[in-house]
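Notes follow the structure.
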Amino acid sequence: MEAKIREERAGVFRCTSAPQILVGDLLRASGSEAAQPLLEQCRKQFHSEAMQPAAPETRLPEGPFVLVGLVKDHPALKQLEADLKSRLPKDGLGQEGYLLEVAPERILIAAEKPAGAYYGVLKLLERAGDAAASWDIPAVRIADWPTMRWRGMHVLVNSRDDLPAVEQLLTRFLPQYRLNRLILEINYNFQFRSHPEISSGPNALTVEDCRRLSALAKQNNVHLIPMLNCLGHQSWAETTGAFLRAHPEFDETPDLPANNPGIYCRSWCPSHPDVNKVVFDLFDELIDAFDADAFHVGMDEVFILGQCPRCKGKANAELFARAVNDYHSHLAGKRKVQMLMWGDRLLDDAQMHYGEWESSRNDTAPALHLIPKDIVICDWHYEPLADFPSVKYFQEQGFAVWPSGWNSEENAQRLAGCALKNTSDRMLGYLATTWVGVRSVAAGLAGDAQALTGNKNVSGVVAAIRKGARLAWEGAPQP
Ligand SMILES: [Zn+2]
């Protein structure tokens with residue numbers, strides 16, 4: 001990532017044994033693990049196993065050291081901020097911005113918030129390189145902060161076999177691309193205790209798996225957002241998902257043959273008096289397992305609505321809105337977590353002209369006016385269009401919008417570019433969807449040739465992640 005402000009300066013910070021690591025008290029007291037990557041890298045490069053960070057004294061040491069802290073942690077950090085203040089955003093460095101000064105005798109990293117200190121450490125490590133037992137870092141002053149607040153990726157997690165790939169994303173690739181949100185589409189691939197009959201099988205994720213991912217996410221400034229696809233998408237081709245297999249009484253089209261002929265995906269019935277009791281149990285277990293502060297309910301491409309005797313005669317928009325409102329009342333109302341959903345059913349194709357997938361031709365769009373405005377809309381569009389009118393439209397309608405691209409660099413560039421052009425307080429950032437399986441995503445990002453050529457989408461997905469992440473952090477390229 002190119003930093004927003006970078007001034008090369010005279011001299012070089014040079015050391016051939018581990019520099020002293022100083023961590024400010026306020027940063028430490030926040031519980032942040034921002035300095036952790038620095039300690040790990042020093043242990044690895046300088047083979048100094050016993051390395052422990054110390055708190056900085058007012059008078060800083062003579063020998064080579066790195067001081068990481070919040071601005072208020074030390075006069076030297078305050079001075080660095082004062083020196084650069086006139087060039088920072090008017091609201092300051094914000095949640096994730098940082099200052100980095102490399103001088104011949106010392107390195108300072110200052111931030112207003114712990115996440116900023118973490119990104120400052122990552123930038124330093126990039127410049128330090130990975131040569132054994134030596135740092136030779138040209139002196140520089142850097143001030144940097146992200147342009148977009150939410151920089152994310154969406155991946156499918158099908159079983160415990162996917163866990164190493166998810167861990168690799170959390171510890172390596174999300175930090176590398178400065179991404180701070182990871183949506184894990186779990187669906188029924190979790191060992192639900194309240195409804196074991198709905199779990200996809202013995203290789204589904206356990207609570208302990210989710211806790212471990214959650215801890216890794218916190219260390220790396222990533223918010224994990226569990227996802228369970230609600231209402232639609234309850235079958236795929238000839239296979240019906242675990243929810244309707246276990247509870248056929250909730251099927252919107254129970255008379256349809258088991259191999260799903262002639263349909264895209266089954267839906268559950270949003271009007272069944274008992275369905276939400278079960279759905280909410282699943283929500284609760286996933287929220288608790290991930291200690292999540294946000295939850296994605298899916299709800300894209302719902303084509304089957306209003307078929308069963310309970311739903312027949314009601315407008316599709318009313319049925320769809322009822323489901324959204326029910327989930328919102330549990331998630332935002334009872335559980336106090338942020339609700340996210342895909343946006344396609346809320347867009348009228350007659351107005352948006354995206355076609356029947358990315359917008360609605362089945363009369364669900366008026367639901368937009370019947371649902372709460374504090375739902376985050378993931379506005380997915382996968383073509384390299386010249387404009388994406390929904391990005392502006394959702395904001396005008398009072399919703400926070402998270403534009404979501406997919407499998408080509410050009411798509412990511414145009415969609416993130418549209419987000420940058422239509423920025424208000426309701427513009428959240430850029431979300432890279434993947435749809436190729438998380439193991440392929442991780443292998444593709446690692447440059448694995450087989451992964452990059454095996455599935456036709458992997459190389460495009462990887463290029464789109466890189467492009468989208470870059471635009472989300474850097475903003476539009478400097479003229
Ligand atoms: Zn129904």
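A few remarks follow.
- 12 Å cut-off, amide nitrogen to a point 7 angstrom out along Glu167 Cα→Cβ, residues in the range 191-208: none
- Here is how the number arises for the chain: DSSP H runs of 4 or more residues each give -39500 (n - 2.57), the sum is divided by the residue count, and the result at 222 nm is -9000 deg cm²/dmol.
- Projecting the Cα atoms of Leu420, Gly333, Asn316 onto the charge dipole of the chain (Cβ charges, centred on the Cα centre) puts Leu420 farthest toward the positive pole.
- Arranged from fewest to most other beta-carbon atoms within 10 Å of their beta carbon, Arg212, Arg141 become Arg212, Arg141.
- Förster radius 25 Å - calculated FRET efficiency between Glu40 and Ala446, Cβ distance, rounded to 0.05: 0.80
- Under 5 Å from the amide H of Phe13 lie the amide H atoms of Ile137, Ala139, each residue being 5 or more positions distant or on a separate chain, with H modelled from the backbone and absent for Pro and chain starts.
- Taking Cβ atoms as reference points and 13 Å as the exclusive limit, the residues near Ile371 contribute a net charge of 0, counting Lys and Arg as +1 and Asp and Glu as -1.
- Applying the Karplus relation 6.51 cos²θ - 1.76 cosθ + 1.60 with θ = phi - 60° to the range 339-355 yields 3J(HN,Hα) values of 9, 10, 8, 5, x, 4, 6, 9, 10, 8, 4, 4, 9, 9, 6, 8, x Hz, where x marks Gly and Pro.
- Using alpha-carbon coordinates, inclination of helix 458-474 to the longest axis of the chain, degrees: 60
- Degrees between helix 316-328 axis and first principal axis of the chain (Cα, 0 to 90, nearest 10): 40
- About the Cα centre, charge dipole magnitude for the range 150-474 (Lys/Arg +1, Asp/Glu -1 at Cβ), debye: 760
- This model, with +1 at the C-beta of Lys and Arg and -1 at the C-beta of Asp and Glu, gives the range 5-144 a dipole about its Cα centre of some 200 debye.
- For a label point 7 Å along the Cα-to-beta-carbon line of Gln351, residues of the range 387-423 with backbone N under 13 Å: 389-399
- Put simply, the Cα atoms of the range 158-243 extend 39, 25, 19 Å along their principal axes, the longest span coming first.
- Relative packing of 172-185, 55-68, which averages over residues the other C-beta atoms within 10 Å, highest first: 172-185, 55-68
- Within the straight-line cut-off of under 22 Å between alpha carbons, the lysines reachable from Lys72 are Lys85, Lys90, Lys113, Lys123, sequence neighbours fewer than 8 places apart in one chain being disregarded.
- Order of Ser17, Ser235 - criterion: other Cβ atoms within 10 Å of each residue's Cβ, fewest first: Ser17, Ser235
- Here the Karplus relation 6.51 cos²θ - 1.76 cosθ + 1.60, evaluated at θ = phi - 60°, turns the backbone of the range 250-267 into coupling constants of 8, 5, 6, 10, x, 7, 5, x, 4, 8, 6, x, x, 10, 7, 8, 5, 10 Hz, with x for every Gly and Pro.
- Reciprocal mean inverse distance between Cα atoms of the range 150-474 - Kirkwood radius, Å: 19.9
- Relative packing of 337-343, 297-303, 214-220, which averages over residues the other C-beta atoms within 10 Å, highest first: 337-343, 297-303, 214-220
- Net lengthening on full extension, Asp291/Lys85 (0.36 nm per residue, minus Cα-Cα): 70.5 nm
- Distance-filtered residues of the range 316-344 - backbone nitrogen under 17 Å, label point 7 angstrom along Arg361 Cα→Cβ: 344
- The residues His154, His272, when put in order of fewest to most other Cβ atoms within 10 Å, stand as His272, His154.
- Each residue of the range 420-436 is assigned a 3J(HN,Hα), and the resulting list reads 5, 6, 10, 8, 10, 4, 8, 8, 8, x, 9, 10, 8, 8, 10, 6, 10 Hz, derived from the Karplus form 6.51 cos²θ - 1.76 cosθ + 1.60 (θ = phi - 60°), x at Gly and Pro.
- Taking a Cβ cut-off of under 12 Å around Cys308, the surrounding Lys, Arg, Asp and Glu residues balance to a net charge of 0, with basic ones at +1 and acidic ones at -1.
- Shape call, the range 290-386: gyration tensor on alpha carbons, a/c limit 1.5: oblate
- Cα-based helix-to-principal-axis angle, 114-128 vs the chain, degrees rounded to 10: 60
- Global geometry of the range 1-62, whether rounded, prolate or oblate, following the gyration tensor of its Cα atoms and the 1.5 cut on a/c: rounded
Here, each number is a calculation from the coordinates, and none is a lab measurement. Bear in mind the structure is a predicted one, so any value in this text is a computation, not a measurement. All Cβ positions, glycine included, derive from the backbone under ideal geometry; neighbour counts span all protein chains shown.
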